[in-house]
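A quick write-up on the structure given underneath.
The values are calculated or read from the model by the stated rules, or taken from the named source; none is laboratory data. The structure displayed is predicted, hence computed values, not measured ones. Quick reminder, even Gly has a Cβ in these numbers, built from the backbone with ideal geometry, and neighbours come from all protein chains shown.
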Amino acid sequence: MNLPAIETRKGHGTETADAEVRFTAPSDTGELEGIAVRFNVADSYRSEFAPQAFTSARTPIPMLWSHDPAQVIGSWTSIEARADGLAVKGKLNLAVAKAQEVRALLQAGDVAGLSVGFRTLKDERSATGTRRITQADLKEISIVAFPSVPGSQVTSTRSTANITALTKAIRAATTSIKGN
């Protein structure tokens, strides 16, 4: 956003001030939200996660592209076990070229999947042979084209205007108009 241009004119005993503020397009901050894994949903490997599986997980957690440890594209800074699954919030590191590519893919709707990289600590088998993971060490969460757990996906990408800069510009304009 540009700083305001102020022009003051005098005429017939009054003073008039014109203020001009120009706005640029909101900047993309790279913020993401999603469901990293759905609980109690069988994946393509005949496994499912119990709601308490990731209670020991701590942030930040690396954000990878397709489980490739050589392609760190950001980090997840918030994780919360909810009824619908493991809700996550994070941010792409837009200084990284691959993160910019992934952002473009997300914005175009070309990819939206999320997948967890973990180490199983405790599990159990059901009578049908499905493995239920009850405790796991969460290592990373990847953005992927094809998530193994149905419904595990990015749910929101954010672009926000810089409200702080807007507020400062308005205050500067007000001060200038008042002549303080």
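Does any residue of the stretch 68-90 turn out to be in a loop (DSSP other than H, G, I, E, B) and surrounded by 15 or more Cβ atoms within 10 Å (Cβ to Cβ)?
no
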Q. Looking only at the stretch 43-79, which residues are within 15 Å of GLU33 (Cα to Cα) and in contact (Cβ under 8 Å) with a residue 60 or more places away in the chain?
A. ILE61, PRO62, MET63, LEU64, ILE73, TRP76
Q: With respect to VAL96, determine if the residue is out of contact with any Lys or Arg (no Cβ under 9 Å at 6 or more places or on another chain) and among the aliphatic types (A, V, I, L, M).
A: yes
Q: Among the numbered conditions (1) without any contact (Cβ under 8 Å) to a residue 60 or more places away in the chain; (2) over 15 Å from the mean Cα position of the chain (by Cα), tell me where ARG132 comes up short.
A: (1)
Q: Give the stretch 104-159 a look and list any residue that's within 15 Å of GLU33 (Cβ to Cβ) and in contact with a Phe, Trp or Tyr (Cβ under 9 Å, 6 or more places away or on another chain), or say none.
A: GLY113, ILE141, ILE143
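From the list GLY129, GLY85, pick out the single residue that is among the small types (Gly, Ala, Ser), on the phi > 0 side of the Ramachandran plot, at pLDDT below 95 and touching a Lys or Arg at 6+ places or on another chain (Cβ under 8 Å).
GLY129
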**Q.** Conditions (1) within 19 Å of the chain's Cα centre (by Cα); (2) surrounded by fewer than 15 Cβ atoms within 10 Å (Cβ to Cβ); (3) not in a strand (DSSP E or B); number of the one not met by THR55
**A.** (1)
